[in-house]
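Please treat every number below as a calculation from the coordinates, not as lab data. What you see is a predicted model; the values in this text were computed from it and never measured. All Cβ positions, even for glycine, are placed from backbone atoms using ideal geometry, and neighbour counts span all protein chains on display.
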Amino acid sequence: MRLAAALLAPLLAAMLSGCGLQPLYGGGVDGPVRSTLSQIEVAPIEGQAGWLMGNALRDRLDNGGGAARYRLEVKLEDKITGLGVRRDDSVTRERRSLRARYQLVDQSSGTVVLDATAGSDAGIDVVSSEYATIAAERTAVENLTGTVADQIVARLARFAQSGAAGTQ
C-alpha cells in the first residue's frame, strides 16, 4: 500500500503542475495581488452595517496609510424579513439579508475599473425575549459583514491577479 502511494504521489504532482492553478497571493507582500490590495482606500459607507463593513474591509485590505491608487465605494442594502408566522401573526423566524454593490474607482482618472455585487443571508430565531432577538440580529449583521467583506476582497484579488490593475 505504501509503495503504491509512493509511486502515485509524483504522478499526481506532475498532473497538478500542468493544470494552470496558481496561488492567489503568490509573491507575498511584493506580489501583484498584495501590492494592488494595499493601494485601495475604502470610502465611508452609510449606517451601522456600513461602519462594520468599512472596518472589515480596511482590516482585510491593510492599506497601511500609504498612497491609495484606488477608492472602493460600497452601497449596502440591509433587510430583515419575517418568515415563520404563528396563528396570532407573530413572527417566529427572520432572514437578514446584506447585499453590497461595490465599485473600484481609479483615482487618477475617475474611471470605474470594477463594478460588482456581493451578498449573504442569515437566519434568526425570534424568541420571547426582545433583548435576545435584538442581540441575534446584531450578531447576524456582524457575521454578514465579515462574509460579504471576504467576498469583496476575493473579487478584488482576482481583479488584481488578472493583470487588469496594471493595465489601467
| request: Collect residues whose amide H, placed 1.01 Å from N in the peptide plane, falls under 5 Å from the amide H of V113; neighbours closer than 5 in sequence don't count. | output: L104, V105, D106
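Just order 41-52, 74-85, 141-152 by mean Cβ neighbour count inside 10 Å, highest at the front, would you?
Working: 41-52: 16.1, 74-85: 14.4, 141-152: 19.9.
Ranking the peptides 41-52, 74-85, 141-152 by packing returns 141-152, 41-52, 74-85.
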| task | Quick one: what are the phi-derived ³J(HN,Hα) couplings along the stretch 99-107, Karplus 6.51/-1.76/1.60 with θ = phi - 60°, whole Hz, x for glycine and proline? | result | 10, 10, 9, 10, 10, 9, 10, 6, 6
| remark: Placing each pseudo-label 7 Å from Cα in the direction of the beta carbon, A132 and R86 end up separated by a distance in nanometres of 1.3 nm
| task | Using all C-alpha to C-alpha distances in the stretch 25-167, build P(r) with 5 Å bins and read off the rounded percent in each one. | result | 2, 10, 18, 19, 15, 11, 8, 6, 5, 3, 2, 1, 0
| query | With point charges of +1 on the Cβ of Lys and Arg and -1 on the Cβ of Asp and Glu, referenced to the Cα centre of the stretch 25-167, which listed residue (S109, L52, A68) lies farthest in the positive direction of the dipole? | reply | S109
| Relative to the Cα centre, what is the charge dipole magnitude of the stretch 45-156, using +1 at the beta carbon of each Lys and Arg, -1 at the beta carbon of each Asp and Glu, and rounding to the nearest 20 debye? | 220 debye
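What list do you get for D115, D88 if you sort them by fewest beta carbons within 10 Å? Please list the in-between numbers first.
Details: D115 11, D88 5.
Starting with the residue having the fewest Cβ neighbours, the order is D88, D115.
Where both partners of a DSSP beta bridge lie in the stretch 25-167, what percent of those bridges are antiparallel, to the nearest 5? All intermediate terms of the calculation are to be shown ahead of the outcome.
Details: 28 of 31 bridges.
If I count the DSSP bridges inside the stretch 25-167, around 90 percent turn out antiparallel.
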